[in-house]
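The values are calculated or read from the model by the stated rules, or taken from the named source; none is laboratory data. Being a predicted model, the structure only gives us computed values, none of them experimental. Glycine also receives a Cβ, built like all others from the backbone with ideal geometry; neighbour counts cover every protein chain displayed. Accessible surface areas use protein heavy atoms only, side chains included; no ligands, DNA or RNA. Shrake-Rupley method; radii C 1.70, N 1.55, O 1.52, S 1.80 Å.
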Amino acid sequence: MTVTDISTAVAALTTAEASRTDRGRLTDEWPGLDEATAYEVQQALIDARLADGERLVGFKLGLTSRAKQERMGVDAPITGWLTAAHQCDAAEPVVVADYIHPRIEPEIVLILREELVGPGCTRADVIAATAEVRAGFEVIDSRYRDFSFALPDVVADNASAAGFLVGATAVAPEDVDLIDEPLELLVNGEVVATATGAAIQGDPFVAVAEAVNAAGGRGQAVPARAVVLAGALTDAVFLEPGSTYTARFRTLGELTVTAG
Ligand code: OOG
Ligand code: MG
């Protein structure tokens, strides 16, 4: 299948995900694919899932940390959408064979009480609309070979969304300083990375406000009760069957998941 338009791009990405087979970049076949068109591909991909009976439950920011932007060779944050099918249960292992080449990354999660809509969304608006802040993990799984993509590729691929987990401790947004909130990422009990919330564009609430404004420019709002993944604080690590991953925050508590 040669990808030259939105519907063949949706079909190619959907097939790659369903068959757990990575593929080349869309931009190799469709050099004219720009960021705006890539968001149209992403929207068509999500619309197809919702038409198939999946339920929209969340919004994700991606590539908000300089560490990730450098690793992935891109220079701007992106957004994507989460459905109920993406939600994983920390009590069950995340099954590596269900994905292509899954990675896991620690996230700060906002649970909204009210809709967020831009343009004009501010940090204060995000805080006011947030019911709870929690620890989280995101499972990312690029449909592209070796996680190699240009910005339009990863946007079309719904920002590599594949799964997410939310921690058990709920904190009110006014009860946590997210900028200074420290995190340790542990693999099999060993600390492999540390960060603070400032890794998310200096301030996770500002990052979310900017992402809401960008989505607003595309005519999209983030609905009330949505789960918002503010962006990874560290680089992602590959999931290996039998390994255990812990995100340990100071105020947001700790979340552990095992890969199977
Ligand atoms: C893109 C998704 C990045 C994050 O939190 O930075 C992301 C990728 O790295 O494949 O979800
Ligand atoms: Mg992420």
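Structure notes:
- Solvent-accessible area of Asp146 with every protein chain in place, 1.4 Å probe, in Å² to the nearest 10: 120
- Local electrostatic count, Val166, Cβ distance below 11 Å [Lys/Arg +1, Asp/Glu -1]: -3
- Relative to the compact-globule estimate of 2.2 N^0.38 Å, the Cα radius of gyration of region 13-144 comes out at 1.15.
- Sites Asp34 and Ala128 - FRET efficiency at Förster radius 30 Å, r taken between beta-carbons, to 0.05: 0.30
- Helical runs assigned H by DSSP (4 residues or longer) give the chain a calculated mean residue ellipticity at 222 nm of -7500 deg cm²/dmol, each run adding -39500 (n - 2.57) before division by the residue total.
- Checking every one of the trypsin sites (Lys or Arg not before Pro) in region 1-87 against DSSP loop status and a limit of 12 other Cβ atoms within 10 Å picks out Arg55.
- A 1.4 Å probe over all protein chains sorts Val187, Val109 by accessible area into Val187, Val109, starting with the largest.
- Taking Lys and Arg as +1 and Asp and Glu as -1, the other residues whose beta-carbon sits under 10 Å from that of Val41 total -4.
- Loop-resident sites, region 98-205, for chymotrypsin sites (Phe, Trp or Tyr not before Pro), counting at most 10 other Cβ within 10 Å (DSSP): none
- Averaging Cα coordinates gives a centre for region 232-260 and one for region 101-179; these two points are 15 Å apart.
- Taking a quarter of the surface of the Cα convex hull of region 165-221 gives a mean projected area of 5.5 nm².
- Charge dipole (Cα centre; +1 on Lys/Arg Cβ, -1 on Asp/Glu Cβ; no other charges) of region 127-193 amounts to roughly 360 debye.
- Considering only the chain, percent of DSSP beta bridges that pair antiparallel, nearest 5: 90
- Here the convex hull built on the C-alpha positions of region 3-258 has a volume of 110 cubic angstrom per residue.
- Nearest-20 debye value, region 3-258 charge dipole, Cβ charges on Lys, Arg, Asp, Glu: 140
- Derived scalar couplings ³J(HN,Hα) [region 231-243; Karplus, 6.51 cos²θ - 1.76 cosθ + 1.60; whole Hz; x for Gly, Pro]: x, 5, 8, 9, 5, 7, 10, 5, 7, 10, x, x, 8
- Most mobile of Thr130, Thr246, Thr194 in a GNM of the chain (Cα contacts under 10 Å): Thr194
- With the whole protein complex present, Leu239 retains an accessible surface near 10 Å², based on a 1.4 Å probe.
- Considering only Val95, Val155, Val166, the mean-square fluctuation computed in a Gaussian network model of the chain, springs between alpha carbons under 10 angstrom, is largest for Val95.
- Cleavage-rule hits (GluC sites (Glu not before Pro)) in region 58-154: DSSP loop, at most 15 neighbouring Cβ within 10 angstrom: Glu114, Glu115
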